[in-house]
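Please treat every number below as a calculation from the coordinates, not as lab data. This structure is a prediction, so every number in the text was calculated from the model and none was measured. Cβ coordinates were reconstructed from backbone atoms using ideal geometry, including for glycine residues, and neighbour counts include every protein chain displayed.
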Amino acid sequence: MEMIAKGTWVRSVVLVLALTNQVLTALGKAPLPFSSEQAEELFALGITIGTAVAAWWKNNSVTGAAIKADEYLKELKQSIGRD
């Protein structure tokens, strides 16, 4: 029996939360214990953190030697058929 992927579980939970939020909103209930402004600030913080982590994780070669090394690595990968 194969395991269900972690991503499938995460997407399913997020979908259930979104549907629950939508139903509660339609019924006039406040499903979230914080204001719209707080939600926007949290969203902006999440985008900032995500961008910072992506920029940190990515190989950002800035010196001439590092740029040449990246080009050399790319050539090596192409010569063995890996992109």
Going through region 1-61, which GluC sites (Glu not before Pro) have at most 12 other Cβ atoms within 10 Å and a DSSP loop state? Glu2
Whichever lysines have a C-alpha closer than 29 Å to that of Lys74, once near sequence neighbours (fewer than 8 apart) are set aside: Lys58
Dimensions (Å) - the chain, Cα atoms, principal axes, largest first: 61, 42, 15
When the charge dipole of the chain is computed with +1 on Lys and Arg Cβ and -1 on Asp and Glu Cβ about the Cα centre, the Cα farthest towards its positive end, among Val13, Ile80, Ala66, belongs to Ile80
Taking the Cα centre of the chain as the origin, how large is its charge dipole in debye, to the nearest 20, when only Lys and Arg (+1) and Asp and Glu (-1) carry charge on their Cβ atoms? 220 debye
